[in-house]
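Encoded as structure tokens, the structure appears first; notes follow it.
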Amino acid sequence: MTTERKPIYLDYSATTPVDPRVAAKMIPYLTEEYGNPASRSHPYGWTAEKAVENAREEVAKLVNADPREIVWTSGATESNNLAIKGAANFYSNKGKHIITVATEHKAVIDPVRELERQGFEATFLEPDSEGLVSLEVFKAAIRPDTVLTSVMLVNNEIGVIQDIEGIGNICRENNVIFHVDAAQATGKVKIDLASLPVDLMSFSAHKTYGPKGIGALYVRRKPRIRIEAQMHGGGHERGMRSGTLATHQIVGMGEAFRIAREEMATENERIRMLRDKLLHGLQTIEETYVNGDLANRVPHNLNMSFNYVEGESLIMAVKGIAVSSGSACTSASLEPSYVLRALGRSDELAHSSIRFSIGRFTTEADVDYTIALLKEKIGKLRELSPLWEMFKDGIDISKVEWAAH
Amino acid sequence: MSTVYFDHNSTSALKKEVLETMFPFMTSQHGNPTSRHVFGRNARDAVEIARVQIANAIGAQASQVIFTSSGTEANNFAVNGIASQLAHGQILTSAIEHPCVTRPALAMQARGWRAHGIHVNADCKLDMHHLHNMLAAPTNLVSVMLANNETGVLQDVAQIAELTREHKAYMHTDAVQALGKIPVSFEDLGVHAMTISSHKIGGPLGVGALVLDKRVDIYPLLHGGGQEKGLRSGTENVVAIVGFGAACELAIKNLSHFAKHTESLRKRLEAGLQEMKAMIFGINAKRLPNTSFFAFENIEGETLVTALDKAGFAVASGSACSSDSTEPSHVLLAMGIDPDVARGAVRVSFGVENTMSQVEAFLKSLAQEVNRLKQMTAIAA
């Protein structure tokens, strides 16, 4: 284990710590209450089952759904796979065309690609330069054989909020099933499934101060949406998803979503203040660009590109903070973020981007430290940069003809 | 709860030592293993340490261990993922497999594969002759569990694997119930794929693994971020994986004690059962040391399990899954047991914390309940 001093954590969109209140609620189910919720013949099983059902109610309450509409999964990746493959396969006689967006998470894009291999056709919509999907563009993509649409509520890299209601209404008019990946949205934006025209919605616990390894899929009952199970076995979750339920993790997700429901209004206000402070502080640095629309965006996210700084050295230089240079799931690759490229950002600006994501345990001092650190390090990196020097001399770098070598 | 827990094959209590290793990863060490900063690196390191612990416990290489969310997922992954990469052929599963093996095989039928069950005999042992005959047709995959969850009967998986290999088919074994109760070696079994699960061995719920020979092509069940070398996408369940690793290490350390202790409890239990003229299923075969599955003639349905619960003993009426519980156990039916007798079957599965005095008390309660129920049946008749 590394013993170096811990950096300041500003990567809440990658994963959040478990809230201590959530951990406390989980512990009994890790120790004395260890029954299998499917055990019907003794109190260990009944206690576990009751805990699972209480948690189901909490998850449903946060999004104003019926508890019977909540199906447990191992996480948002499984929820997305189950929703997309499960609905497309069940309704494939209706049509084999799917619409999604180029800036979706890999856990949506890859199942859609998998369906393409199985004979479906897919349209990957390009968002505008702010990351938003226009309703006109979406409407134009609908075909008579469109069976399913998948659009995320909140983007994991740039935090923009899509017009789910608008897209959903168009889906309803055209009899298209609508799936929404809300992994990054719970506790950040209000979700009302009683009024939203959404058929399937994916949730994750570990982005909302719950444990990893647990998520849920909302499956609408009225009108009833059917999905083909992707995991077969004991017939748990009304046959939609087999596998022994992990009681402690489910209890953790329920508690995390309860806290989110009760505290999100005040918490988001505090987080917005911190984010705006960070934004204004970083904007005093020359040649910075905010990626993604600022108005339609969760308060937790700030994604900025720092021009004339090389991406890798930037990440090395800001080791005092734990941030992401693109989505956590793809940051091991050196490819620039496909999300930022879809906004039309150059490879250079995409490479020199940082995603700051602020959360429950971020303090004002953390933000002050971050602003000071970025100012200092970017200043130093630019001092070493010939490109920066040329820019300062008024040379338009995009017009420079570089010698081939 | 003052109930005595005799249902360890369903799920087992998390060991205290295991919980201690997990706790830091819930709170202070909370990173996402894919992140490149120190939080991410620490999480990644923890996952890799657990992978080595698990591999060491089962005679495998760390790189052969693919984490999943459960044994169910690993079994679905094995059946669907291995067959998907091959030309349409048949998938053979034993008649006593857990539904999370047989149902994915049946689901493959819709996509052009054929699924068949292999018979077992009255002792719950695989009918090798039947397997041999079935292998005459081109076969993709054979799946036979190492230990049955209901009867505890062990199959000769190494021998079955050899036969399967001779017929150029892949061999998978569900070792979920065997791990931690008998020695399990992936290498010695000679299988291509093996399923294990954490919560049956004193680890947490929510994590399992498929152990896979790397020469076997497998198609992912879950697509996305490309974790587990692209074979299983989804953020790693770090806390549970850490617990699984610790539980494996502990289970191997305590293996001989577990076997000795639970077998002595079972010996006492079954001596009592035989005095009461119970039918003990699979008693002539080699079984897990902790499992006893029995029934009494003329006692039907779940009445006995319910009565035992009232007397303070948590036992199972068969496999703990959410399927309709009035259905008789498919394992007993495959063994040729009368459906009425099968409906009244009781499974006792011991853990190390169970004691001899609990067994004595259980036998006393059981004798009372059996007499009472027999009298009631006699009156009704």
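What follows is calculated from the coordinates using simple rules that are stated; it is not laboratory data. All of these numbers come straight from a predicted model, not from anything done at the bench. Here the Cβ positions follow ideal geometry from the backbone for every residue, glycine too, while neighbour counts run over all protein chains shown.
The table that follows gives values for the structure above.
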read-out: Within chain B, longest stretch free of exposed GluC sites (Glu not before Pro) [DSSP loop, at most 14 other beta carbons within 10 Å]; value: B:1-296
read-out: Normalised contact order of chain A, rounded percent, pairs of Cα under 8 Å and 6 or more residues apart; value: 22
read-out: Sum of -39500 (n - 2.57) over DSSP H runs of 4+, divided by residues of chain B (222 nm, nearest 500); value: -13000 deg cm²/dmol
read-out: Unsatisfied cross-links (Cα-Cα over 26 Å) in the set A:LYS106/A:LYS188; B:LYS15/B:LYS260; A:LYS106/B:LYS168; A:LYS212/B:LYS16; A:LYS50/A:LYS106; A:LYS50/A:LYS188; value: A:LYS106/B:LYS168; A:LYS50/A:LYS106; A:LYS50/A:LYS188
read-out: In sequence order, calculated HN-Hα J values of segment A:364-373 (Karplus, 6.51, -1.76, 1.60; Hz; x Gly/Pro); value: 5, 4, 4, 5, 4, 4, 5, 4, 5, 5
read-out: Only Lys, Arg (+1) and Asp, Glu (-1) charged, at Cβ; segment B:16-252 dipole about Cα centre in debye; value: 620
read-out: For B:76-84, mean number of other protein chain Cβ atoms within 10 Å; value: 1
read-out: Built amide H within the under 5 Å cut-off of A:LEU148, gap 5+; value: A:HIS97, A:ILE99, A:ILE177
read-out: Inverse of mean 1/r across different Cα pairs in chain A, Kirkwood, Å; value: 22.5
read-out: Loop trypsin sites (Lys or Arg not before Pro), segment B:172-255 (other Cβ atoms within 10 Å of the site Cβ: 14 or fewer; DSSP); value: B:LYS214, B:ARG215, B:LYS229
read-out: Full-extension gain in nm, A:ASP276 to A:GLU136, via 0.36 nm per residue minus C-alpha separation; value: 47.3 nm
read-out: Those lysines that a straight Cα-Cα span of less than 20 Å connects to A:LYS222, excepting residues fewer than 8 apart in one chain; value: A:LYS61, A:LYS94
read-out: Surrounding net charge for B:SER143, when Lys and Arg each add one and Asp and Glu each subtract one, Cβ distance under 10 Å; value: -2
read-out: FRET efficiency, B:ASP45 to B:ASN133 (Cβ-Cβ, R0 35 Å, nearest 0.05); value: 0.10
read-out: In segment A:45-148, GluC sites (Glu not before Pro) in a DSSP loop with at most 11 other beta-carbon atoms within 10 Å; value: none
read-out: Pair A:ASN93, A:ARG238: separation of 7 Å Cα→Cβ label points (nm); value: 2.1
read-out: Charge dipole (debye, nearest 20) of the protein assembly as shown; +1 at Cβ of Lys and Arg, -1 at Cβ of Asp and Glu; value: 1040
read-out: Three-way shape call for segment A:1-94 based on the alpha-carbon gyration tensor, with the a/c threshold at 1.5; value: oblate
read-out: Per-selection Rg to Rh, chain B - Cα, Kirkwood hydrodynamic radius; value: 0.99
read-out: Spatially proximal lysines relative to A:LYS319 (Cα-Cα < 23 Å; intrachain offsets below 8 disregarded); value: A:LYS6, A:LYS207, A:LYS277, A:LYS375, A:LYS377, A:LYS380
read-out: Other-chain or far-sequence residues with amide H under 5 Å of B:ASP7's (modelled H); value: B:SER349
read-out: Positive-end residue of A:PHE391, A:ILE315, A:GLN230, charge dipole of chain A with Cβ unit charges; value: A:GLN230
read-out: Reachable aspartates and glutamates from A:LYS96, criterion Cα separation under 14 angstrom, eight or more residues apart if same chain; value: A:GLU114, A:GLU116, A:GLU121, A:ASP145
read-out: Shielding score for B:193-201, defined as the mean number of other chain Cβ atoms within 10 Å; value: 1
read-out: Anisotropy class of the protein assembly as shown from Cα gyration tensor, a/c 1.5 cut; value: prolate
read-out: Radius 15 Å from Cβ of A:GLU262, net charge of other residues (Lys, Arg +1; Asp, Glu -1); value: +2
read-out: Alpha-carbon gyration tensor eigenvalues x 5, square-rooted, for segment A:191-254, Å; value: 21, 19, 8
read-out: Integer Hz, Karplus 6.51/-1.76/1.60 couplings in order for segment B:50-55, x for Gly and Pro; value: 4, 4, 5, 4, 5, 4
read-out: Low-density loop cleavage sites - trypsin sites (Lys or Arg not before Pro) in segment B:59-127, where at most 12 other Cβ are within 10 Å (DSSP); value: B:ARG111
read-out: Gain upon complete extension [B:ALA87, B:GLU263; 0.36 nm per residue less C-alpha separation]; value: 58.9 nm
read-out: Contact order relative to length of segment B:87-151, as percent, for alpha carbon pairs under 8 angstrom and 6 or more apart; value: 45
read-out: A:GLU228 paired with B:ASP340, simple spin-label distance in nm, labels 7 Å along Cα-to-beta-carbon; value: 4.3
read-out: For segment B:99-153 and segment A:164-208, distance of Cα centres in Å; value: 42
read-out: Dipole moment magnitude, nearest 20 debye, segment A:188-305 about Cα centre, only Lys, Arg, Asp, Glu C-beta charged; value: 560
read-out: Positive-pole candidate from B:HIS199, B:VAL153, B:LEU221, dipole of segment B:16-252, charges at beta carbon; value: B:LEU221
read-out: Test item: A:28-39 mean partner chain Cβ contacts at 10 Å; value: 6
read-out: Relative contact order, percent, chain B [alpha-carbon distance under 8 Å, six or more residues apart]; value: 23
read-out: Sequence-distant residues sharing a close amide H with B:VAL153 (under 5 Å, placed H); value: B:ASN148, B:LEU288
read-out: Computed label-point distance, nm, for sites A:LYS319 and B:THR27 using a 7 Å Cα→Cβ extension; value: 2.8
read-out: HN-Hα J in Hz across segment A:104-120 - Karplus 6.51, -1.76, 1.60, θ = phi - 60°, x for Gly and Pro; value: 5, 5, 3, 6, 9, 4, 5, x, 5, 4, 4, 5, 4, 5, 7, x, 7
read-out: Which of B:MET276, B:ASN237, B:LEU255, positive extreme of dipole for segment B:236-288 (C-beta unit charges); value: B:MET276
